[in-house]
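This report refers to the structure that appears directly beneath it.
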Amino acid sequence: MPGHNDCGLPPDLFAAACRLLEELTAISSASGDAAGLERAAALLARELAARGLEAAVSRGLPGREGLAALPVLVARGAGAGESPLLLIGHLDTVLPAAPPRRQDGRLVATGAVDMKAGFAALVGALDLLARRGVAPPADLLVVAVPDEEVAGELSRAAVASWGAAARALWVLEPGEPGSEPGAETLVGGRRGMFGWRLDAHGTAAHSGLHLARGRSALLAAARWCLAAADAPAPGAPAVNVGRLVAGDATFVDGLATAHAWLGTDRQLNVVPDRAVAEGEVRFTRAADGETAARRLETLAGEIGSATGTALAFSRGPTIPPVDPRGPQRPWCDRAVALAAARGWRLEVEEERGGISFPNFLPDPGRVPVLDGLGPVGGGMHTRDEYVDLASFARRIVLLADLLQADAAARG
Ligand SMILES: [Zn+2]
């Protein structure tokens, strides 16, 4: 395997980690496949138990009987109490498994990079620590959820409950290739978001006889959308206008049937008195989200008075961001230095776009979050999904180095 032992990983430990990853990916565990997920969780539980953690697989979450009863793996170190070091990932995959195969320094397998390799790397890291004669942090709490790929309630609930008091959250999701060959990323921040809606009411009028008496809700909403989505500065909140429906009120409010008017000349002689726009805003700091919401609301007032229409802006619940300048910053820097000491370049992604585990923390600003700790690869969610085995080796060492540094920092 090219590059596997230039980063401080003994070949026998690398071989064992690869075997485990092959075994894990050979088990089909698509979201919703309870039996397959149970087998994958049982295998991982056995491996973690063999390394001194108290591991158990249960159906659903204790005390949350309303949630799906899919297998959740929880493995605790002897000192995992109220505020553990929480390591989290998911065992479900989008596709059912195809047989794994090795090819050109890669393991091509279902869920290889997203994200069974993250768990296999953790097991490899525990082996490497044992080889060094170093104990991992005693308050380790490893949780593997079964429904991340379907934005499942167990994933959200697990992070919300175990993450609320955790002293840190480490996420075993994959990193990405970095800016130069051989470089890889760690996720230091994730954008948060909220959905929004604009309701516009104008005045209908016959376009042939009384055009000037009409107040077009369509034109007002379009103006608002253009202003709202105006090219943001780098790092500023990004507004996406996802939908704009406008026309006369019977068309917009009765769209389920009135959509048949599209392509006909029905109501084309009426100044449209109704419009609805919907979209979302993504941002890296909680305060930026609030500023963006205020700007959109102000715009609605201004454009409403300028056009003689009523524009009402409303927003949905906020999913909080992970601020890249948050409490994880020193840990990100430490990870970068640890990688450099092993001869490779780790870069910090400041704002990954997708909503993921850390966004479900009750307060992501309180908890140091190290995300994207897993190895890189490609073809996620496809039949060509693979993990780069050189990266797999690097991440095993990085995880071991981080766990060792954490244990040392805690004395
Ligand atoms: Zn994933």
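The values are calculated or read from the model by the stated rules, or taken from the named source; none is laboratory data. What you see is a predicted model; the values in this text were computed from it and never measured. When we count neighbours, we look across all protein chains shown, and the Cβ atoms used for this are built from the backbone with ideal geometry, even at glycine. Side chains included, ligands, DNA and RNA excluded: accessible areas come from the protein's heavy atoms. Shrake-Rupley method; radii C 1.70, N 1.55, O 1.52, S 1.80 Å.
Quote the FRET efficiency, to the nearest 0.05, computed for Ala135 versus Gln267 with a Förster distance R0 of 60 Å and r equal to the Cβ-Cβ distance.
0.25
Assuming a ≥ b ≥ c are the square roots of the Cα gyration tensor eigenvalues, decide whether the range 308-411 counts as rounded (a/c under 1.5), prolate (otherwise, with a/b larger than b/c) or oblate.
In terms of gyration-tensor shape, oblate.
With every protein chain left in place, what is the accessible area of Glu23 in Å² (1.4 Å probe, nearest 10)?
90 Å²
What angle, in degrees between 0 and 90 and rounded to the nearest 10, separates the Cα long axis of helix 286-307 from the longest principal axis of the Cα atoms of the chain?
Helix 286-307 sits roughly 10 degrees off the main axis of the chain.
Express in whole angstrom the spacing between the alpha-carbon centres of the range 170-227 and the range 391-406.
The range 170-227 and the range 391-406 have Cα centres separated by 39 Å.
In whole Å, what is the distance between the alpha-carbon centres of the range 25-44 and the range 309-384?
Distance between centres, Cα-based: 26 Å.
Seen from all sides and averaged, what is the projected area of the convex hull of the Cα atoms in the range 63-117, in nm²?
Its average projected convex-hull area is 6.3 nm².
Any idea which of Val276, Thr264, Pro10 is furthest toward the positive side of the dipole for the chain, if Lys and Arg beta-carbons carry +1 and Asp and Glu beta-carbons -1?
Value computed over the given set: Val276.
Using a 1.4 angstrom probe with every protein chain in place, what is the largest-first accessible-area order of Ser356, Ser161?
Ser161, Ser356
With 20 Å bins from zero, work out the P(r) of the chain over every alpha carbon pair and list the percent per bin.
25, 46, 23, 7, 0
Determine the percent antiparallel among the DSSP beta bridges restricted to the range 1-152, to the nearest 5.
The antiparallel fraction comes to roughly 65 percent.
Highest GNM mean-square fluctuation, the chain, Cα pairs closer than 10 Å: which of Arg213, Arg352, Arg59?
Arg213
Tell me, what is the percent relative contact order of the chain, built from C-alpha pairs under 8 Å that lie six or more residues apart?
Relative contact order here is 24 percent.
Note the angle between two axes, namely the Cα long axis of helix 34-49 and the longest principal axis of the Cα atoms of the chain, as a number of degrees from 0 to 90, rounded to the nearest 10.
Here the helix axis deviates by roughly 40 degrees.
Over the heavy atoms of Leu403, what accessible area does a 1.4 Å probe trace out, to the nearest 10 Å²?
0 Å²
Using 1/(1 + (r/R0)^6) with R0 = 35 angstrom and r between the beta carbons of Ala98 and Thr291, what's the FRET efficiency to the nearest 0.05?
Calculated transfer efficiency: 0.15.
Shape of the range 207-260 from its Cα gyration tensor (a ≥ b ≥ c, root eigenvalues): rounded if a/c is under 1.5, otherwise prolate when a/b > b/c, or oblate?
Since a/c reaches 1.5 but b/c is at least a/b, the shape of the range 207-260 is classed as oblate.
Under Stokes-Einstein, with the Kirkwood radius over Cα pairs standing in for Rh, what whole-number D in µm²/s applies to the range 339-387 at 37 °C and 0.692 mPa s?
241 µm²/s
Tell me the angle of helix 329-341 to the major Cα principal axis of the chain, expressed in degrees between 0 and 90 and rounded to the nearest ten.
With rounding to tens, the tilt is 50 degrees.
Just reorder Arg342, Arg39 by solvent-accessible area, largest first, 1.4 Å probe, all chains present.
Arg39, Arg342
Could you work out how far apart the two model spin labels at Arg315 and Ala69 are, taking each label as a point 7 Å from the Cα in the direction of the beta carbon, and quote it in nm?
4.0 nm
Work from the charge dipole of the range 187-334 (Cβ charges, +1 for Lys and Arg, -1 for Asp and Glu, about the Cα centre) and give the residue of Gln328, Ala300, Ala200 farthest towards its positive end.
With unit charges placed on the Cβ atoms, the residue in question is Gln328.
Can you tell which of Ala78, Ala306, Ala157 shows the greatest fluctuation in a Gaussian network model of the chain with Cα springs below 10 Å?
Between Ala78, Ala306, Ala157, it is Ala306 that shows the largest mean-square fluctuation.
I need the calculated FRET efficiency for the pair Arg383 and His206, taking r as the beta carbon distance and R₀ as 60 Å, to the nearest 0.05.
0.55
Put Met380, Met193, Met115 in order of accessible area, largest first, 1.4 Å probe: what do you get?
The residues order as Met380, Met193, Met115, largest area first.
I want to verify a result. In a Gaussian network model of the chain, Cα cutoff 10 Å, which of these has the top mean-square fluctuation: Gly263, Gly354, Gly235?
In this elastic network of the chain, the residue with the biggest mean-square fluctuation among Gly263, Gly354, Gly235 is Gly263.
Tell me the carbon and sulfur percent of the accessible area for the chain, rounded to whole percent, probe radius 1.4 Å.
55 percent
With a 1.4 Å probe and every protein chain left in place, tell me how much accessible area His259 has, in Å² to the nearest 10.
100 Å²
Quick check: Cα centre of the range 240-260 to Cα centre of the range 68-97, how many Å?
Cα centroid of the range 240-260 versus Cα centroid of the range 68-97: 44 Å apart.
Would you mind working out the accessible area per residue for the chain, using a 1.4 Å probe, and quoting it in Å²?
42 Å²
Enumerate the amide H contacts of Arg274 below 5 Å, restricted to partners 5 or more residues apart or on another chain; note that Pro and chain-start residues carry no placed amide H.
Those qualifying (amide H under 5 Å, at least 5 residues apart or on another chain) are Gly202, Ala217, Leu218, Gly247, Ala249.
Starting from the Cα gyration tensor of the range 1-147, take the square roots of the eigenvalues, sort them a ≥ b ≥ c, and report rounded, prolate or oblate (rounded when a/c is under 1.5, otherwise prolate if a/b is larger than b/c, else oblate).
oblate
Using label points projected 7 Å from each Cα along Cα→Cβ, tell me how many nm separate Ser58 and Glu180, to one decimal.
4.9 nm
What per residue convex hull volume, in Å³, comes out for the range 216-374 when only alpha-carbon positions are used?
Measuring per residue, one finds 154 Å³ for the Cα hull of the range 216-374.
Using the Kirkwood formula on the Cα atoms of the range 144-287, what hydrodynamic radius do you get, in angstrom to one decimal?
19.4 Å
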